[in-house]
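Reading through the C-alpha coordinates given below for one structure.
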Amino acid sequence: MTGKEEPKEVRKYLQQSHDRIFENNKKWAEEMQKKNPAFFKDLSAGQSPEYLWIGCSDSRIPAEAITGLDPGEMFIHRNIANLVCNVDLNVMAVVNYAVRHLKVKHIVVCGHYGCGGVKAAMTPKDMGLLNPWLRNIRDVYRLHQAELDKITDEAKKYDRLVELNVYEQCRNIIKTAAVQQCWAENEYPVVHGWVFGFADGLLKDLKFDHEGQLKEIQKIYDLTKDA
Amino acid sequence: MGTSYIATDPLDYILAGNRAYQQRTTKRDPNAFALLAQGQAPEILWIGCADSRIPETTVCHCKPGEIFVHRNIANTVHADDLNAASVVEYAVTHLRVNQVVVCGHTKCGGANAALGDADLGQTLNMWLHPVRELRRKHKFELEGLPDDDARAAKIAELNVQQSIEVLKQHPAVKRAANERGLTLHGLIYDIGAGELKILSESGSKKMNGLWTPP
Ligand SMILES: [Zn+2]
Ligand SMILES: [Zn+2]
(Lines give C-alpha, C1' and ligand atoms only; values in the text may rest on other atoms or scores of the structure.)
(Ligands and ions follow the chains in the order given, each with its own letter.)
Protein backbone atom coordinates (compact mmCIF):
# COMPACT_ATOMS: atom_id res chain seq x y z
CA MET A 1 0.00 0.00 0.00
CA THR A 2 1.32 3.41 -0.82
CA GLY A 3 -1.38 5.32 1.03
CA LYS A 4 -2.54 7.05 -2.14
CA GLU A 5 -5.08 4.52 -3.46
CA GLU A 6 -8.63 5.45 -4.31
CA PRO A 7 -11.08 4.76 -1.46
CA LYS A 8 -12.63 1.89 -3.43
CA GLU A 9 -9.22 0.26 -3.88
CA VAL A 10 -8.49 0.59 -0.18
CA ARG A 11 -11.77 -1.13 0.62
CA LYS A 12 -11.01 -3.98 -1.75
CA TYR A 13 -7.54 -4.38 -0.31
CA LEU A 14 -8.83 -4.42 3.25
CA GLN A 15 -11.46 -6.97 2.34
CA GLN A 16 -8.80 -9.21 0.82
CA SER A 17 -6.49 -9.18 3.82
CA HIS A 18 -9.54 -9.78 5.99
CA ASP A 19 -10.70 -12.75 3.89
CA ARG A 20 -7.21 -14.22 4.00
CA ILE A 21 -7.47 -14.67 7.76
CA PHE A 22 -10.61 -16.73 7.31
CA GLU A 23 -9.18 -18.86 4.52
CA ASN A 24 -6.08 -19.49 6.62
CA ASN A 25 -8.16 -20.38 9.66
CA LYS A 26 -10.15 -22.96 7.65
CA LYS A 27 -6.93 -24.51 6.37
CA TRP A 28 -5.49 -24.71 9.88
CA ALA A 29 -8.65 -26.26 11.38
CA GLU A 30 -8.70 -28.90 8.62
CA GLU A 31 -5.03 -29.75 9.17
CA MET A 32 -5.46 -30.12 12.93
CA GLN A 33 -8.55 -32.25 12.47
CA LYS A 34 -6.68 -34.52 10.10
CA LYS A 35 -3.78 -34.93 12.54
CA ASN A 36 -6.06 -35.63 15.48
CA PRO A 37 -9.80 -36.04 14.88
CA ALA A 38 -10.57 -35.45 18.58
CA PHE A 39 -8.40 -32.31 18.79
CA PHE A 40 -11.15 -29.69 18.97
CA LYS A 41 -13.48 -31.89 20.96
CA ASP A 42 -10.82 -32.29 23.66
CA LEU A 43 -10.14 -28.56 23.75
CA SER A 44 -13.84 -27.98 24.10
CA ALA A 45 -13.79 -29.79 27.47
CA GLY A 46 -11.74 -27.04 29.13
CA GLN A 47 -8.25 -25.65 29.63
CA SER A 48 -5.57 -26.48 32.18
CA PRO A 49 -2.51 -24.55 31.09
CA GLU A 50 0.72 -24.88 33.11
CA TYR A 51 2.00 -21.47 32.11
CA LEU A 52 0.94 -17.86 32.24
CA TRP A 53 2.80 -15.76 29.66
CA ILE A 54 3.01 -11.99 29.99
CA GLY A 55 4.54 -10.67 26.81
CA CYS A 56 4.68 -7.69 24.48
CA SER A 57 1.88 -7.00 21.97
CA ASP A 58 4.56 -6.92 19.25
CA SER A 59 3.35 -8.92 16.25
CA ARG A 60 6.69 -10.68 15.86
CA ILE A 61 6.41 -12.66 19.10
CA PRO A 62 3.41 -15.01 19.01
CA ALA A 63 4.08 -16.77 22.32
CA GLU A 64 2.76 -20.21 21.39
CA ALA A 65 4.54 -20.31 18.06
CA ILE A 66 7.97 -19.37 19.41
CA THR A 67 7.73 -21.84 22.31
CA GLY A 68 6.30 -24.67 20.19
CA LEU A 69 3.25 -25.05 22.41
CA ASP A 70 -0.12 -26.33 21.25
CA PRO A 71 -3.46 -24.58 21.87
CA GLY A 72 -4.49 -25.21 25.48
CA GLU A 73 -1.00 -25.10 27.00
CA MET A 74 -0.37 -21.43 27.79
CA PHE A 75 -2.59 -18.66 29.20
CA ILE A 76 -1.66 -15.33 27.63
CA HIS A 77 -1.64 -11.63 28.41
CA ARG A 78 0.06 -9.26 25.99
CA ASN A 79 0.38 -5.49 26.31
CA ILE A 80 2.75 -2.71 25.30
CA ALA A 81 6.24 -3.62 26.60
CA ASN A 82 5.02 -6.50 28.83
CA LEU A 83 4.29 -4.35 31.88
CA VAL A 84 2.74 -5.46 35.15
CA CYS A 85 1.40 -2.32 36.82
CA ASN A 86 -0.06 -2.54 40.22
CA VAL A 87 -3.09 -0.31 39.53
CA ASP A 88 -3.91 -1.99 36.23
CA LEU A 89 -7.08 -4.03 36.73
CA ASN A 90 -6.61 -5.67 33.32
CA VAL A 91 -3.34 -7.44 34.10
CA MET A 92 -4.31 -8.04 37.73
CA ALA A 93 -7.47 -9.85 36.60
CA VAL A 94 -5.33 -12.05 34.35
CA VAL A 95 -2.85 -12.88 37.14
CA ASN A 96 -5.69 -13.60 39.57
CA TYR A 97 -7.51 -15.90 37.18
CA ALA A 98 -4.34 -17.75 36.15
CA VAL A 99 -3.04 -18.20 39.69
CA ARG A 100 -6.17 -18.67 41.79
CA HIS A 101 -8.47 -20.39 39.32
CA LEU A 102 -6.28 -22.14 36.75
CA LYS A 103 -3.43 -22.80 39.23
CA VAL A 104 -0.64 -22.26 36.71
CA LYS A 105 2.77 -23.53 37.81
CA HIS A 106 4.92 -21.00 35.98
CA ILE A 107 4.59 -17.32 35.16
CA VAL A 108 6.86 -16.12 32.39
CA VAL A 109 7.46 -12.43 31.75
CA CYS A 110 8.96 -12.23 28.29
CA GLY A 111 10.43 -9.05 26.87
CA HIS A 112 12.29 -8.69 23.59
CA TYR A 113 15.26 -6.79 22.24
CA GLY A 114 14.26 -4.02 19.87
CA CYS A 115 11.02 -3.36 21.78
CA GLY A 116 9.23 -0.32 20.33
CA GLY A 117 7.56 0.44 23.65
CA VAL A 118 10.87 0.56 25.51
CA LYS A 119 12.37 2.65 22.72
CA ALA A 120 9.48 5.12 22.87
CA ALA A 121 9.98 5.46 26.62
CA MET A 122 13.64 6.40 26.05
CA THR A 123 12.62 9.19 23.72
CA PRO A 124 12.30 12.65 25.28
CA LYS A 125 8.94 13.38 23.72
CA ASP A 126 5.25 13.82 24.59
CA MET A 127 3.57 10.57 23.53
CA GLY A 128 0.03 11.73 24.37
CA LEU A 129 -2.25 8.95 25.56
CA LEU A 130 0.76 6.65 25.89
CA ASN A 131 2.53 8.82 28.48
CA PRO A 132 1.13 7.19 31.62
CA TRP A 133 1.79 3.68 30.35
CA LEU A 134 5.32 4.37 29.14
CA ARG A 135 6.06 6.26 32.31
CA ASN A 136 6.49 2.87 34.03
CA ILE A 137 9.48 2.14 31.80
CA ARG A 138 11.00 5.53 32.55
CA ASP A 139 10.66 4.58 36.22
CA VAL A 140 12.57 1.37 35.56
CA TYR A 141 15.32 3.51 34.05
CA ARG A 142 15.38 5.72 37.15
CA LEU A 143 15.61 2.68 39.45
CA HIS A 144 18.66 1.45 37.54
CA GLN A 145 20.08 4.79 36.50
CA ALA A 146 23.52 4.19 38.01
CA GLU A 147 24.04 1.05 35.92
CA LEU A 148 22.43 2.37 32.73
CA ASP A 149 24.21 5.72 32.71
CA LYS A 150 27.53 3.89 32.68
CA ILE A 151 26.73 2.15 29.38
CA THR A 152 27.95 4.45 26.62
CA ASP A 153 26.91 2.32 23.64
CA GLU A 154 23.29 3.31 22.90
CA ALA A 155 22.29 -0.09 21.48
CA LYS A 156 23.70 -1.88 24.51
CA LYS A 157 21.99 0.51 26.87
CA TYR A 158 18.67 -0.12 25.12
CA ASP A 159 19.18 -3.91 25.34
CA ARG A 160 19.97 -3.68 29.01
CA LEU A 161 16.88 -1.57 29.71
CA VAL A 162 14.78 -4.26 28.01
CA GLU A 163 16.28 -6.83 30.41
CA LEU A 164 15.88 -4.64 33.49
CA ASN A 165 12.28 -3.93 32.53
CA VAL A 166 11.54 -7.68 32.49
CA TYR A 167 13.29 -8.04 35.82
CA GLU A 168 11.19 -5.28 37.43
CA GLN A 169 7.95 -6.73 36.03
CA CYS A 170 8.86 -10.11 37.54
CA ARG A 171 9.22 -8.31 40.87
CA ASN A 172 5.84 -6.64 40.34
CA ILE A 173 4.17 -10.03 39.87
CA ILE A 174 5.69 -11.28 43.11
CA LYS A 175 4.21 -8.26 44.87
CA THR A 176 0.65 -9.52 44.26
CA ALA A 177 -1.36 -11.20 47.00
CA ALA A 178 -2.42 -13.95 44.58
CA VAL A 179 1.15 -15.09 43.93
CA GLN A 180 2.33 -14.74 47.53
CA GLN A 181 -0.62 -16.67 48.97
CA CYS A 182 -0.55 -19.43 46.37
CA TRP A 183 3.21 -19.82 46.87
CA ALA A 184 2.87 -20.04 50.67
CA GLU A 185 0.36 -22.83 50.23
CA ASN A 186 1.71 -24.81 47.26
CA GLU A 187 5.25 -23.59 46.44
CA TYR A 188 4.05 -22.50 43.02
CA PRO A 189 3.80 -20.51 40.76
CA VAL A 190 7.43 -19.78 40.00
CA VAL A 191 8.16 -16.49 38.23
CA HIS A 192 10.63 -16.40 35.31
CA GLY A 193 12.13 -13.56 33.28
CA TRP A 194 13.04 -14.14 29.64
CA VAL A 195 14.04 -12.04 26.65
CA PHE A 196 13.45 -12.98 23.01
CA GLY A 197 16.09 -11.97 20.48
CA PHE A 198 15.36 -11.51 16.78
CA ALA A 199 19.04 -11.88 15.97
CA ASP A 200 18.91 -15.63 16.65
CA GLY A 201 15.23 -16.36 17.32
CA LEU A 202 16.10 -17.73 20.75
CA LEU A 203 14.76 -17.11 24.23
CA LYS A 204 17.30 -15.97 26.82
CA ASP A 205 16.67 -16.89 30.44
CA LEU A 206 17.56 -13.98 32.72
CA LYS A 207 17.74 -16.43 35.65
CA PHE A 208 15.37 -14.48 37.84
CA ASP A 209 15.80 -15.75 41.41
CA HIS A 210 12.17 -16.30 42.41
CA GLU A 211 12.69 -17.41 46.00
CA GLY A 212 15.43 -14.91 46.80
CA GLN A 213 13.39 -12.05 45.34
CA LEU A 214 10.25 -13.15 47.15
CA LYS A 215 12.06 -13.02 50.48
CA GLU A 216 13.52 -9.61 49.68
CA ILE A 217 10.17 -8.22 48.51
CA GLN A 218 8.20 -9.50 51.48
CA LYS A 219 10.19 -7.30 53.84
CA ILE A 220 7.90 -4.52 52.65
CA TYR A 221 5.24 -6.01 50.39
CA ASP A 222 4.09 -8.98 52.46
CA LEU A 223 0.46 -9.78 51.55
CA THR A 224 0.46 -13.43 52.52
CA LYS A 225 -2.08 -13.21 55.30
CA ASP A 226 -5.74 -13.20 54.27
CA ALA A 227 -7.84 -10.24 55.30
CA MET B 1 4.19 -29.92 17.91
CA GLY B 2 3.94 -29.75 21.68
CA THR B 3 3.71 -33.39 22.65
CA SER B 4 6.85 -34.40 20.80
CA TYR B 5 9.05 -32.77 23.44
CA ILE B 6 8.49 -34.84 26.49
CA ALA B 7 10.87 -33.42 29.05
CA THR B 8 10.46 -33.72 32.79
CA ASP B 9 10.92 -30.02 33.44
CA PRO B 10 8.13 -27.89 31.97
CA LEU B 11 10.53 -25.03 31.33
CA ASP B 12 12.98 -27.20 29.44
CA TYR B 13 9.94 -28.26 27.45
CA ILE B 14 9.22 -24.79 26.11
CA LEU B 15 12.88 -23.86 25.73
CA ALA B 16 13.28 -27.01 23.62
CA GLY B 17 10.17 -25.94 21.72
CA ASN B 18 11.79 -22.57 21.08
CA ARG B 19 14.98 -24.17 19.71
CA ALA B 20 12.90 -26.33 17.37
CA TYR B 21 10.97 -23.25 16.22
CA GLN B 22 14.22 -21.37 15.60
CA GLN B 23 15.74 -24.22 13.57
CA ARG B 24 12.58 -24.81 11.56
CA THR B 25 12.22 -21.11 10.76
CA THR B 26 15.87 -20.66 9.78
CA LYS B 27 15.74 -23.76 7.57
CA ARG B 28 12.73 -22.42 5.70
CA ASP B 29 14.22 -18.97 5.31
CA PRO B 30 17.79 -18.25 6.48
CA ASN B 31 16.95 -14.52 6.57
CA ALA B 32 13.73 -14.87 8.55
CA PHE B 33 15.04 -13.44 11.81
CA ALA B 34 17.15 -10.78 10.14
CA LEU B 35 13.98 -9.57 8.42
CA LEU B 36 11.94 -9.63 11.63
CA ALA B 37 14.70 -7.71 13.42
CA GLN B 38 14.17 -4.80 11.00
CA GLY B 39 10.77 -4.01 12.45
CA GLN B 40 7.09 -4.83 12.32
CA ALA B 41 4.30 -3.66 10.03
CA PRO B 42 1.24 -5.66 11.09
CA GLU B 43 -2.06 -5.05 9.29
CA ILE B 44 -4.22 -6.23 12.13
CA LEU B 45 -4.68 -5.54 15.82
CA TRP B 46 -6.22 -8.57 17.54
CA ILE B 47 -8.00 -8.13 20.87
CA GLY B 48 -8.71 -11.61 22.18
CA CYS B 49 -9.21 -13.68 25.29
CA ALA B 50 -6.25 -14.80 27.43
CA ASP B 51 -7.64 -18.35 27.11
CA SER B 52 -4.87 -20.80 26.22
CA ARG B 53 -6.94 -22.46 23.51
CA ILE B 54 -6.90 -19.53 21.09
CA PRO B 55 -3.35 -18.71 20.00
CA GLU B 56 -4.28 -16.06 17.42
CA THR B 57 -1.31 -16.42 15.09
CA THR B 58 -1.60 -20.22 15.02
CA VAL B 59 -5.39 -20.22 14.65
CA CYS B 60 -5.20 -17.74 11.76
CA HIS B 61 -2.31 -19.64 10.20
CA CYS B 62 -0.36 -16.40 10.13
CA LYS B 63 3.35 -15.72 10.39
CA PRO B 64 5.11 -13.79 13.16
CA GLY B 65 4.92 -10.11 12.25
CA GLU B 66 1.35 -10.17 10.92
CA ILE B 67 -0.86 -9.64 13.98
CA PHE B 68 -0.38 -7.15 16.83
CA VAL B 69 -1.95 -8.61 19.96
CA HIS B 70 -3.73 -7.70 23.17
CA ARG B 71 -5.24 -10.54 25.20
CA ASN B 72 -7.07 -10.23 28.51
CA ILE B 73 -9.80 -11.96 30.50
CA ALA B 74 -12.84 -12.35 28.21
CA ASN B 75 -11.50 -9.98 25.48
CA THR B 76 -13.11 -7.03 27.17
CA VAL B 77 -12.43 -3.39 26.31
CA HIS B 78 -13.41 -1.01 29.10
CA ALA B 79 -13.52 2.71 28.38
CA ASP B 80 -11.36 3.49 31.42
CA ASP B 81 -8.75 0.76 30.89
CA LEU B 82 -5.41 2.35 30.08
CA ASN B 83 -3.75 -0.98 29.28
CA ALA B 84 -5.97 -1.77 26.27
CA ALA B 85 -6.23 1.93 25.34
CA SER B 86 -2.42 2.13 25.13
CA VAL B 87 -2.27 -0.95 22.90
CA VAL B 88 -4.91 0.57 20.60
CA GLU B 89 -3.12 3.93 20.52
CA TYR B 90 0.22 2.31 19.67
CA ALA B 91 -1.24 -0.02 17.04
CA VAL B 92 -3.46 2.53 15.31
CA THR B 93 -1.47 5.76 15.57
CA HIS B 94 2.10 4.49 15.45
CA LEU B 95 1.95 1.19 13.55
CA ARG B 96 -1.03 2.29 11.46
CA VAL B 97 -2.83 -1.05 11.41
CA ASN B 98 -5.78 -1.14 9.01
CA GLN B 99 -8.07 -3.39 10.96
CA VAL B 100 -8.99 -3.96 14.57
CA VAL B 101 -10.45 -7.34 15.43
CA VAL B 102 -12.21 -8.21 18.69
CA CYS B 103 -12.47 -11.97 19.01
CA GLY B 104 -14.66 -13.70 21.58
CA HIS B 105 -15.14 -17.44 21.80
CA THR B 106 -17.45 -20.27 22.82
CA LYS B 107 -16.79 -21.99 26.17
CA CYS B 108 -15.26 -18.76 27.54
CA GLY B 109 -14.63 -19.01 31.29
CA GLY B 110 -15.19 -15.26 31.66
CA ALA B 111 -18.49 -15.28 29.77
CA ASN B 112 -19.55 -18.34 31.68
CA ALA B 113 -18.77 -16.68 35.02
CA ALA B 114 -20.85 -13.71 33.89
CA LEU B 115 -23.93 -15.94 33.68
CA GLY B 116 -24.07 -15.89 37.47
CA ASP B 117 -22.84 -13.75 40.35
CA ALA B 118 -20.47 -16.23 42.00
CA ASP B 119 -17.72 -14.51 43.97
CA LEU B 120 -14.48 -14.82 41.98
CA GLY B 121 -12.53 -12.51 44.27
CA GLN B 122 -12.71 -8.74 44.20
CA THR B 123 -10.31 -8.21 41.31
CA LEU B 124 -12.14 -10.51 38.91
CA ASN B 125 -15.55 -9.41 40.12
CA MET B 126 -14.64 -5.85 39.25
CA TRP B 127 -13.17 -6.75 35.85
CA LEU B 128 -16.22 -8.81 34.88
CA HIS B 129 -18.77 -6.36 36.22
CA PRO B 130 -19.57 -4.82 32.80
CA VAL B 131 -20.02 -8.30 31.32
CA ARG B 132 -22.41 -9.23 34.11
CA GLU B 133 -24.30 -6.01 33.43
CA LEU B 134 -24.75 -7.22 29.85
CA ARG B 135 -26.41 -10.34 31.23
CA ARG B 136 -28.86 -8.22 33.22
CA LYS B 137 -29.58 -6.00 30.24
CA HIS B 138 -30.34 -8.97 27.97
CA LYS B 139 -32.10 -11.11 30.55
CA PHE B 140 -35.10 -12.16 28.46
CA GLU B 141 -33.14 -12.89 25.35
CA LEU B 142 -30.77 -15.09 27.34
CA GLU B 143 -33.50 -16.92 29.23
CA GLY B 144 -34.98 -18.00 25.92
CA LEU B 145 -31.86 -19.97 25.01
CA PRO B 146 -31.74 -23.77 25.49
CA ASP B 147 -28.72 -24.13 27.83
CA ASP B 148 -25.80 -22.44 29.58
CA ASP B 149 -23.42 -23.13 26.69
CA ALA B 150 -25.72 -21.21 24.36
CA ARG B 151 -26.16 -18.44 26.93
CA ALA B 152 -22.38 -18.12 27.44
CA ALA B 153 -21.90 -18.00 23.66
CA LYS B 154 -24.51 -15.23 23.43
CA ILE B 155 -22.84 -13.27 26.24
CA ALA B 156 -19.52 -13.64 24.42
CA GLU B 157 -21.16 -12.13 21.31
CA LEU B 158 -22.75 -9.27 23.21
CA ASN B 159 -19.44 -8.60 24.89
CA VAL B 160 -17.60 -8.42 21.56
CA GLN B 161 -20.19 -5.94 20.29
CA GLN B 162 -19.88 -3.87 23.43
CA SER B 163 -16.09 -3.80 23.16
CA ILE B 164 -16.42 -2.59 19.58
CA GLU B 165 -18.73 0.20 20.75
CA VAL B 166 -16.08 1.26 23.27
CA LEU B 167 -13.35 1.09 20.63
CA LYS B 168 -15.33 3.39 18.32
CA GLN B 169 -14.91 6.12 20.93
CA HIS B 170 -11.13 5.77 21.12
CA PRO B 171 -9.66 8.98 19.64
CA ALA B 172 -7.11 7.14 17.50
CA VAL B 173 -9.77 4.79 16.09
CA LYS B 174 -12.15 7.67 15.30
CA ARG B 175 -9.43 9.55 13.48
CA ALA B 176 -8.10 6.56 11.54
CA ALA B 177 -11.59 5.41 10.58
CA ASN B 178 -12.38 8.79 9.06
CA GLU B 179 -9.00 9.57 7.55
CA ARG B 180 -7.80 6.25 6.16
CA GLY B 181 -10.63 3.74 6.35
CA LEU B 182 -9.66 1.76 9.45
CA THR B 183 -12.29 -0.91 10.07
CA LEU B 184 -13.48 -2.78 13.17
CA HIS B 185 -14.53 -6.42 13.14
CA GLY B 186 -16.30 -8.67 15.61
CA LEU B 187 -15.42 -12.36 15.55
CA ILE B 188 -16.34 -15.46 17.48
CA TYR B 189 -14.00 -18.43 17.63
CA ASP B 190 -15.76 -21.77 18.00
CA ILE B 191 -13.44 -23.84 20.19
CA GLY B 192 -15.21 -27.10 19.42
CA ALA B 193 -14.76 -26.62 15.67
CA GLY B 194 -11.57 -24.55 15.54
CA GLU B 195 -13.41 -22.06 13.36
CA LEU B 196 -13.69 -18.27 13.22
CA LYS B 197 -17.06 -16.67 12.48
CA ILE B 198 -17.81 -13.08 11.62
CA LEU B 199 -20.41 -11.36 13.74
CA SER B 200 -22.79 -9.12 11.95
CA GLU B 201 -25.09 -6.79 13.76
CA SER B 202 -28.69 -6.99 12.70
CA GLY B 203 -30.48 -4.07 11.13
CA SER B 204 -27.43 -1.99 10.33
CA LYS B 205 -25.59 -1.26 7.13
CA LYS B 206 -22.71 -3.50 8.13
CA MET B 207 -21.72 -6.14 5.69
CA ASN B 208 -19.50 -9.05 6.50
CA GLY B 209 -18.92 -7.84 10.05
CA LEU B 210 -17.26 -4.64 8.89
CA TRP B 211 -17.98 -1.47 10.75
CA THR B 212 -18.08 1.60 8.57
CA PRO B 213 -17.47 5.02 10.05
CA PRO B 214 -20.60 7.21 10.05
ZN1 LIG C 1 7.77 -4.80 22.47
ZN1 LIG D 1 -12.33 -16.60 27.18
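If I ask for residues that are within 16 Å of ligand 2 (Cβ to nearest atom) and open to solvent by 20 Å² or more (accessible area, probe 1.4 Å), which ones from region A:73-91 would you list? Selection gives A:Glu73 alone.
Looking only at region A:22-72, filter to residues that are open to solvent by 20 Å² or more (accessible area, probe 1.4 Å) and touching a strand residue (DSSP E or B) at 6+ places or on another chain (Cβ under 8 Å); which one of those is farthest from ligand 1 (Cβ to nearest atom)? Taking the candidates together, the pick is A:Lys26. Among residues of region A:102-121 that are on the phi > 0 side of the Ramachandran plot, those with a beta-carbon under 7 Å from a residue that is away from ligand 2 (no atom under 16 Å from the Cβ) at least six positions away or on a different chain give the pairs A:Gly114/A:Phe198; A:Gly114/B:Ala37.
Considering only region B:148-191, state which residues are within 27 Å of B:Val59 (Cα to Cα) and either without any contact (Cβ under 8 Å) to a residue 12 or more places away in the chain or not assigned by TED's automatic domain parsing to the domain that holds B:Lys107 (or both). Within region B:148-191, B:Ala150, B:Glu165 meet the criteria.
Checking region B:11-18 against the condition returns no match, with no residue being open to solvent by less than 60 Å² (accessible area, probe 1.4 Å) and of a type in the set (Asp, Glu). Scanning region B:55-71 for residues that are at the interface with chain A (Cβ under 7 Å from one of its Cβ atoms), away from ligand 1 (no atom under 16 Å from the Cβ) and open to solvent by 10 Å² or more (accessible area, probe 1.4 Å) yields B:Thr58, B:His61, B:Cys62.
All of (1) away from ligand 1 (no atom under 16 Å from the Cβ); (2) within 14 Å of another protein chain (Cβ to nearest Cβ) hold for A:Gly116 with one exception: (1). Within region B:100-115, residues that are in the same structural domain as B:Asn159 (by TED's automatic domain parsing) and in a loop (DSSP other than H, G, I, E, B) have Cβ atoms under 7 Å from residues that are buried (at least 24 other Cβ atoms within 10 Å of the Cβ) and acidic (Asp, Glu) in these pairs: B:Cys108/B:Asp51, counting only partners at least 6 apart in sequence or on another chain.
The values are calculated or read from the model by the stated rules, or taken from the named source; none is laboratory data. Small disclaimer: the values here were computed from a predicted structure and weren't measured. Glycine gets a Cβ as well: all are built from the backbone with ideal geometry, and neighbour counts include every protein chain shown. Ligands, DNA and RNA are stripped out before the accessible areas are found, and what is left, the full protein with its side chains, is counted by its heavy atoms. Shrake-Rupley method; radii C 1.70, N 1.55, O 1.52, S 1.80 Å.
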